[in-house]
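Inspection log for the structure reproduced underneath, given as structure tokens.
The values are calculated or read from the model by the stated rules, or taken from the named source; none is laboratory data. No experiment lies behind these values; they were computed from the predicted model shown. All Cβ positions, even for glycine, are placed from backbone atoms using ideal geometry, and neighbour counts span all protein chains on display. SASA here: full protein model, heavy atoms, side chains in, ligands and nucleic acids out. Shrake-Rupley method; radii C 1.70, N 1.55, O 1.52, S 1.80 Å.
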Amino acid sequence: MRAAGCAAPDSEPRVVGIDDWAMTRSRYYGTIVVDLELRKPLELLTGRDSSTVDTWLAAHPGISIVARDRSGPYSEAVTRSLAAAIQAS
């Protein structure tokens, strides 16, 4: 995944999923953002804090639904960046 990278989508994503993933098990974690309609990864973010996710989401205002885990930082980021988006956890 890291070697292949994430291809830029042809259109603005509308439904995304965000979750954490281990870069190095039990040491370093990041966030993966997936286009759930196309079933393709969009971005691998270095970090799983709210500010990292917030910055990415703010750059994609067309997102209307976000599927996420129960993580507080992800919830905060979606609420700040995409206040009108539906959050599914």
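Could you report the chain's accessible area per residue, 1.4 Å probe, as an integer in Å²?
62
With a/c under 1.5 counting as rounded, go ahead and sort the chain into rounded, prolate or oblate using the C-alpha gyration tensor (a ≥ b ≥ c being the square roots of the eigenvalues; past the cut-off, prolate if a/b is larger than b/c, else oblate). Before the final figure, lay out the partial values.
On the way: a/c = 1.79, a/b = 1.14, b/c = 1.57.
Oblate, because a/c is 1.5 or more while a/b does not exceed b/c.
Using a 10 angstrom cutoff on alpha carbons, build the Gaussian network for the chain and name the most mobile of R39, R14, R68.
Of R39, R14, R68, the Gaussian network model singles out R39 as fluctuating most.
Between R27 and S64, what is the label-to-label distance in nm when each label sits 7 Å out along the Cα-to-Cβ direction?
Those two pseudo-labels are separated by 4.4 nm.
Using the Cα centre of the chain as the reference point, and only Cβ charges (+1 on K/R, -1 on D/E), how large is the resulting charge dipole? Debye, rounded to the nearest 20.
280
Which whole-Hz ³J(HN,Hα) couplings does the stretch 14-27 yield from phi under the Karplus relation 6.51 cos²θ - 1.76 cosθ + 1.60, θ = phi - 60°, glycine and proline marked x?
Going residue by residue, I get 10, 10, 10, x, 10, 7, 8, 8, 8, 6, 9, 3, 6, 10 Hz, with x marking Gly and Pro.
Calculate one ³J(HN,Hα) per residue across the stretch 37-51 by plugging θ = phi - 60° into the Karplus curve 6.51 cos²θ - 1.76 cosθ + 1.60, and present them in order as whole Hz with x for glycine and proline.
3J(HN,Hα) across the stretch 37-51, in whole Hz: 6, 8, 6, 9, x, 9, 7, 10, 9, 8, x, 10, 8, 5, 5.
Let me have the relative contact order for the chain, percent, based on Cα pairs under 8 Å that are six or more residues apart.
Relative contact order, the chain: 26 percent.
What is the sum of charges around Y74, taking Lys and Arg as +1, Asp and Glu as -1, for the other residues whose C-beta is under 13 Å from the C-beta of Y74?
-2
Write down the percent of antiparallel bridges among all DSSP beta bridges whose residues are both part of the chain, to the nearest 5. Don't skip to the answer; put the middle values down first.
On the way: 13 of 20 bridges.
Rounded to the nearest five, the antiparallel share is 65 percent.
Leaving out ligands, DNA and RNA, what percent of the accessible area of the chain is carbon and sulfur, probe 1.4 Å?
Within the chain, the accessible surface is 51 percent carbon and sulfur.
Taking H as built 1.01 Å from N, whose amide H comes closer than 5 Å to the amide H of L36, not counting residues under 5 places away?
V15, V16, G17
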